[in-house]
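Readers should treat all values here as calculations from the given coordinates under stated rules, not as data from a laboratory. None of these values were measured; they are calculated from a predicted model. Neighbour counts are summed over all protein chains in view; Cβ atoms, including those assigned to glycine, are modelled from backbone coordinates with ideal geometry.
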Amino acid sequence: TGAEALAVARRTGDRRLAARIQLRTADTLGRLGDPASAGLQRAAAERLLAEAEDATDAAYETRGKLHQA
């Protein structure tokens, strides 16, 4: 199920996958006529994507410092 897939993505730390799953859930909720829940899922997905970008940026900064040393 979607909930199981989301749990696996969270356990493995794959924020981008978790965000994609939440976006699909949001789309489904929107089609089912629940815009409030869809909005909550989208907001959670956006937070996860922002965290994933921050983590990626931090990793590149760390690698850059190692190569400069």
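Return the pairs, sorted by first residue and then second, in which the second residue is not hydrophobic (A, V, I, L, M, F, W, C), the first residue lies in the range 1-14 and is under 17 Å from residue 28 (Cβ atoms), the beta carbons are less than 6 Å apart, and the residues are 6+ apart or on different chains.
Here the result reads 2/25, each pair linking the range 1-14 to a residue that is not hydrophobic (A, V, I, L, M, F, W, C).
What are the pairs with Cβ atoms under 6 angstrom where one residue, in the range 35-58, is within 14 Å of residue 6 (Cβ to Cβ) and touching a residue at least 12 places away in the same chain (Cβ under 8 Å) and the other, located anywhere, is of a type in the set (D, E, K, R) and part of a helix (DSSP H, G or I)? Sequence gap at least six, or different chains.
Close Cβ pairs (under 6 Å, with a partner that is of a type in the set (D, E, K, R) and part of a helix (DSSP H, G or I)) amount to 48/15.
Of the residues 47, 11, which is assigned to a helix (DSSP H, G or I), over 8 Å from the mean Cα position of the chain (by Cα) and of a type outside the set (Phe, Trp, Tyr)? Talk me through it step by step, then tell me what you get.
On the way: 47 fails: over 8 Å from the mean Cα position of the chain (by Cα).
Testing whether each residue is assigned to a helix (DSSP H, G or I), over 8 Å from the mean Cα position of the chain (by Cα) and of a type outside the set (Phe, Trp, Tyr) leaves just 11.
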